[in-house]
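Just below is one structure, and these are the notes that go with it.
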Amino acid sequence: MDAAQEIQDKLTSYWHILVESIPRIALSIIVTTVFILIAIGITKLFRRRMMQKAANKLVVDYVVRLVKFLLILAGVILGLHTMGLTGIAGGLLAGAGVGAVVLGFAFKEIGENFLAGVILVFDRPFNLGDTVTVEGNMGKITALNFRTTQMKTFDGRDVYIPNILVITNEVYNHTQDGFLRLDFLIGIDYDDDIKEAIRGITEIVNANPEVLKNEKTLVLIDEFAASTVNLKVMFWVNTLDYKVSALETKTEIMRTVKNFLLENKFGLPANIQEIKMYKPEPIPIILKRESDAISLSKE
């Protein structure tokens, strides 16, 4: 009976403590919720206004994510303090430095990628929507996260590249300046008029509306191949939308150039291979009729 009474007394005591703590718990939840709502509201407003004015939207996106995280963390700490868990809240603040060191050793890769993300924010090798090539992956930058750089390739894949790889490897930005030079080779016959081919190809390339007129289009002899004179066609296009302005424009120009050369009787010979036979021996061939079929066979 004494044990049962003792358990009942403890349960009653815990119940009274819980009832007395309900206002603090409720206030803590309200404070934390308010901070979360403020963080979401402020970051949404900041993102909407700054995205319209910012030259580099990637920096704005990263800073907004960081501010949102810090505001939510502040709300959680203040909520713990309101609940009466001052020791835990103080421990979170006081242990931040020690925790950073511990996490740095325990999660070395995560720490490196986070610092690499900060470097990318200030270094700014690309912007949101830029078409880049990193680690053999080519696509549009869609986000810079705390650990990874997110890319959307032209075949629809979402690639997440660790930030440390982005800052330690070559990054090819195809759209930063807004224009890019493209080129391709096309061969004509040795008997064709090279000067006339160059003139016609140049006019066709410059007639395309996507080709920049303030940059010179060049058609030069690249090499005298075994069976063709190879011409190298070089032109500049707008790359604000790389997928359209570069890839589709290049395809259209190549198609038009090919049609022009064929219509104007320019030869587009294929590769010719010469086969040499040393000490050839004649192979006599006779015709044999078997029923209705005629077959060839060696004698």
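The values are calculated or read from the model by the stated rules, or taken from the named source; none is laboratory data. Keep in mind the model is a prediction, meaning the values are calculated, not measured. We place every Cβ from the backbone using ideal geometry, glycine too, and count neighbours over all the protein chains shown. Protein only, heavy atoms only, side chains kept; ligands, DNA and RNA dropped before computing areas. Shrake-Rupley method; radii C 1.70, N 1.55, O 1.52, S 1.80 Å.
So the values come out like this:
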| read-out | value |
| --- | --- |
| Helices (runs of 4 or more DSSP H) completely within region 157-273 that count 2 or more residues being open to solvent by 20 Å² or more (accessible area, probe 1.4 Å) and in contact (Cβ under 8 Å) with a residue 60 or more places away in the chain | 249-263 |
| Residues satisfying the stated conditions in region 124-145, i.e. of a type in the set (A, V, I, L, M, F, W, C) and in a strand (DSSP E or B) | V132, V134, M138, I141, A143, L144 |
| I25 being modelled with pLDDT under 75 and either among the small types (G, A, S) or open to solvent by 50 Å² or more (accessible area, probe 1.4 Å) (or both) | yes |
| Single match in A207, A197 (criterion: out of contact with any strand residue (DSSP E or B) (no Cβ under 9 Å at 6 or more places or on another chain), over 11 Å from K232 (Cβ atoms) and of a type in the set (A, V, I, L, M, F, W, C)) | A207 |
| Single residue of A143, A116 found to be without any contact (Cβ under 8 Å) to a residue 60 or more places away in the chain, closer than 20 Å to V67 by Cβ and aliphatic (A, V, I, L, M) | A116 |
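Table: residues versus (1) under 14 Å from the mean Cα position of the chain (by Cα); (2) β-branched (V, I, T).
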{"residue": "Q150", "(1), (2)": "yes, no"}
{"residue": "D158", "(1), (2)": "yes, no"}
{"residue": "T168", "(1), (2)": "no, yes"}
{"residue": "F184", "(1), (2)": "no, no"}
